[in-house]
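The values are calculated or read from the model by the stated rules, or taken from the named source; none is laboratory data. Owing to the predicted nature of the structure, the values given are computational and were not obtained by experimental measurement. Counting neighbours? That spans all protein chains shown, and the Cβs are built from the backbone with ideal geometry, glycine included. Quick note on the areas: whole protein, heavy atoms, side chains included, nothing else; ligands and nucleic acids left out. Shrake-Rupley method; radii C 1.70, N 1.55, O 1.52, S 1.80 Å.
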Amino acid sequence: MVTGGLAGAADAGAEGSAGPGTPADADGFFALSQILTGVSSLGTAVARRHAQTLRTQLGDAPFAAELQKFRKLPSGSQDPAAALEALLARDAAFAGFARLVLTLWYTGLVQTPDAGPRFVHPEDYFDALVWPAIGAHAPASSDGYYGHWRLPPDSGSGA
Amino acid sequence: MSADPARRFDVVVIGSGVAGALVAWRLASAGIRVAIIEAGGAEVRRDAAVSRYGQSVGKSLGAPYVDAATGPENPGPAEQYYDQAGPENYLSTYERLAGGSTWHWLGHTPRLLPSDFALQSTYGVGVDWPISYAQLEPWYCAAETALGVAGDDTQWGNVHGAFRSAPFPMPPIWPSWSDDYVARRIDGLSIRGQTLQVLATPAARNSKPYDGRPPCAGNASCVPICPIGAKYDGYVHVRKALATGHAHLISRAIAVRLTLDESGHIDGVVYQRPDRSTAIARGRVVVLAANAIESAKLLLLSADAQRAPAGVANSSGLVGRCLMDHVQKSVFVRTRDPVYPFRGPPSTSGIETFRDGPFRATHSALRFSLNNDGWLRRRPGSPVADVQSAIDAGMFGSALRRTIFAAVTHQLRISLSTEVLPEPDNRVTLSDKRDADGIPRPRIAFRVPEYTRAGFAPALRIVGEIVAALDATLVEEDLSAAPGHYVGAGHVMGGCRMGTDPRRAVTDAFGRTFDHENLYICGASLWPTCGTANPTLTVAALSLRTAEAIAATVFRRPLAGGFL
């Protein structure tokens, strides 16, 4: 199992994603998503769905080109987030791509040019990361016991 | 007219919301044959509704229920269906489907207060109801049993004189962490000579298994859909009515006319099918329970040049008049400590303190709700707005997560609900514009009365003291008294008010129209005034009472005692 600097630092998720360029994450979308979202345990099925959504929205070639920029970041770096940050700062197109990735993961929404934001799949709403980030769940998908709202959230959610 | 023979029943109920469903169930349970004419579709599939909700971006009230199939147009956003005559837009809407608007309601079931039934004699404003709180009280208990209401007996024994003769069927829905946080800091505070107390809001929401339905799991999506049926919806009683074998639901059937015989009886309900063919249902009794706007509209549509020139049941000229809503406003607060919104029902507690008092001689009563929905209702709404602004600012990773957590977990909304006095010029008439089914749309004239506007400044001062006691920051409020600065509560009330005098009311205290002895009206159409209570529990109480009156006076049949 090859662990590149960036993916290794992102702390392989539950499914054991082994880094960009490996069979499990050939284009690096999963590893990039982990670093951008700050969540290592992303669902791989969700990731595949989001990758396909963005591929459809942007076109195969532009999608691949942006991910290529991420894969070309030096591996073995001491501070992978800093390398990514530098890329975001110098490359406006990549920064725009990163914002689309983040918006999709955190809110489930994609922007359409004429119709405003929308959910491509209803699951995108339920899987949105904003909800665990605030110690909650997506409305209409409670996994809580009766009365759980009387107590604070169980886990720290990035605080 | 279609070639079908008229369908004959004992009772024809128009509308299968909570009012029509309860009446149909009670009568059918006694073997009385009931037809339920429902403009919308039949049973909602909950999983499909949740999926539609998930996919909706705006997540409006009707989002889960938008019906792609052909059928009667669902009156969705007010702009698409109401013909707004102004000067202000009437903002509250409803659902057209079996079970009615309780599919999307919040589920709050406070009772009206004794003073609410006697506004004129107590404070010299508005009018009195032809029934007192004491007379309706046993029916409130029956309604709470039928719907399944959770409430706190230690708190609600005698709020503003609203005594209780029976305990709540279920213990209260647990308040939220946010409610407890606020209550610790404001309980006992004296404002304007009245003492604040945060009370758990009674709700038709299971706090334990009840009537074959599960307890609340905190899906937080009550408005507009409960995925598990812990929140009551009117289809509970549509289903029970059908299960008796004596009720027949005719869905996708829009009532378009009530026909009269020479003695002034309603002898038929003409309804229109999606293909615009019509049929007629006949019954000894007709119960009109189509919600306040549609019921008034149908009566006006049924005008008969000889027998009812101003509309059926309209010799008083009051059909469609004195339309009301609860005017709502929100205050958005950033709390000093996390309060963790978006967990639990959108509201679990409120402040009942200012729902009554001598000030009602000069301005409206005020009901405050503590809400668990953060700044969802701001424009733009959280949490998406907070997430987007952090992303647009270039944040990612754990910094992004920390920022989102810090922003959203400190968000609180305090909302105000106020009463509107009955004004004859606030009214429903017939528009010359037609809907997708070729039926005249309702034309609505509405203006928030001065009595209501006069309450906003006092409300802002009360909220200011609450925010100070929380050591919090008031971020946005719109307690402006300027026209148009409010939100509708979804409480469509008035238009066919009850009373004692046939010249000043449309029905008696049982909802029986003065003009037509076999026509009853159920639902919030009947409201002479509206207090600050969400109307559904009172709708249910009055509907159960009317069902008993119909059974006793027309069919000479007692109804069975149990309400579950």
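The table that follows gives values for the structure above.
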item: Any helices (runs of 4 or more DSSP H) falling wholly within the range B:17-104 and containing at least 3 residues that are under 24 Å from B:PRO345 (Cβ atoms) and at pLDDT 90 or above; result: B:18-29, B:46-55
item: From the options A:PHE97, A:PHE126, A:PHE119, residue that is free of Cβ contacts under 8 Å to residues at least 60 places away in the same chain, under 20 Å from A:ARG48 (Cβ atoms) and open to solvent by 20 Å² or more (accessible area, probe 1.4 Å); result: A:PHE126
item: Selection from the range B:189-208 of residues that are surrounded by fewer than 20 Cβ atoms within 10 Å (Cβ to Cβ) and within 14 Å of another protein chain (Cβ to nearest Cβ); result: B:LYS208
item: Residues (touching a Gly at 6+ places or on another chain (Cβ under 7 Å) and facing chain B (nearest Cβ under 8 Å)) located in the range A:117-136; result: A:PHE119, A:PRO122, A:TYR125, A:PHE126, A:ALA133
item: Selection from the range B:277-309 of residues that are touching a helix residue (DSSP H, G or I) at 6+ places or on another chain (Cβ under 8 Å) and small (Gly, Ala, Ser); result: B:ALA289, B:ALA290, B:ALA292, B:SER295, B:ALA296
item: Extreme residue, nearest to the other protein chains (Cβ to nearest Cβ), among residues of the range A:75-87 that are under 18 Å from B:LEU400 (Cα atoms) and small (Gly, Ala, Ser); result: A:ALA81
item: The range B:383-431, subset acidic (Asp, Glu) and facing chain A (nearest Cβ under 9 Å), residue least open to solvent (accessible area, probe 1.4 Å); result: B:ASP386
item: Filter result (at the interface with chain B (Cβ under 8 Å from one of its Cβ atoms), open to solvent by 10 Å² or more (accessible area, probe 1.4 Å) and under 18 Å from the mean Cα position of the chain (by Cα)) within the range A:101-116; result: A:THR103, A:LEU109
item: Selection count, the range B:315-344, where residues are out of contact with any helix residue (DSSP H, G or I) (no Cβ under 8 Å at 6 or more places or on another chain), open to solvent by less than 10 Å² (accessible area, probe 1.4 Å) and either within 14 Å of chain A (Cβ to nearest Cβ) or in a loop (DSSP other than H, G, I, E, B) (or both); result: 2
item: In the range A:72-84, the residues that are buried (at least 20 other Cβ atoms within 10 Å of the Cβ) and at pLDDT 85 or above; result: A:LEU84
item: Residue within the range B:172-188 that is in a strand (DSSP E or B) and open to solvent by less than 30 Å² (accessible area, probe 1.4 Å) present; result: no
item: Count of residues meeting criterion [closer than 18 Å to B:VAL408 by Cα and of a type in the set (D, E, K, R)] in the range A:128-152; result: 1
item: Unmet criterion (only one of (1) under 11 Å from the mean Cα position of the chain (by Cα); (2) among the hydroxyl-bearing types (Ser, Thr, Tyr); (3) in a helix (DSSP H, G or I)) for A:THR56; result: (1)
item: Complete set of residues in the range B:135-156 that are touching a strand residue (DSSP E or B) at 6+ places or on another chain (Cβ under 8 Å) and either open to solvent by 40 Å² or more (accessible area, probe 1.4 Å) or modelled with pLDDT under 95 (or both); result: B:GLN155
item: Residue in the range A:98-113 that is within 30 Å of B:PRO224 (Cβ to Cβ), among the polar types (S, T, N, Q) and at pLDDT 95 or above present; result: yes
item: B:GLY464 within 30 Å of B:SER178 (Cβ to Cβ), out of contact with any Phe, Trp or Tyr (no Cβ under 9 Å at 6 or more places or on another chain) and more than 14 Å from chain A (Cβ to nearest Cβ); result: yes
item: Selection status of B:ALA482, part of a loop (DSSP other than H, G, I, E, B) and of a type in the set (A, V, I, L, M, F, W, C); result: yes
item: Test set (1) among the hydroxyl-bearing types (Ser, Thr, Tyr); (2) in contact with a Gly (Cβ under 9 Å, 6 or more places away or on another chain); (3) within 30 Å of B:GLY311 (Cα to Cα) - B:SER431 fails condition number; result: (2)
item: Selection within the range B:244-261 - not in a strand (DSSP E or B) and not charged (D, E, K, R); result: B:THR244, B:GLY245, B:HIS246, B:SER251, B:ALA253
item: Failed criterion for A:ARG90 (all others in (1) crowded, with 18+ Cβ neighbours inside 10 Å; (2) among the basic types (Lys, Arg); (3) more than 7 Å from every other protein chain (Cβ to nearest Cβ) hold); result: (1)
item: Selected residue (only one of B:LYS208, B:LYS240 is among the basic types (Lys, Arg) and assigned to a loop (DSSP other than H, G, I, E, B)); result: B:LYS208
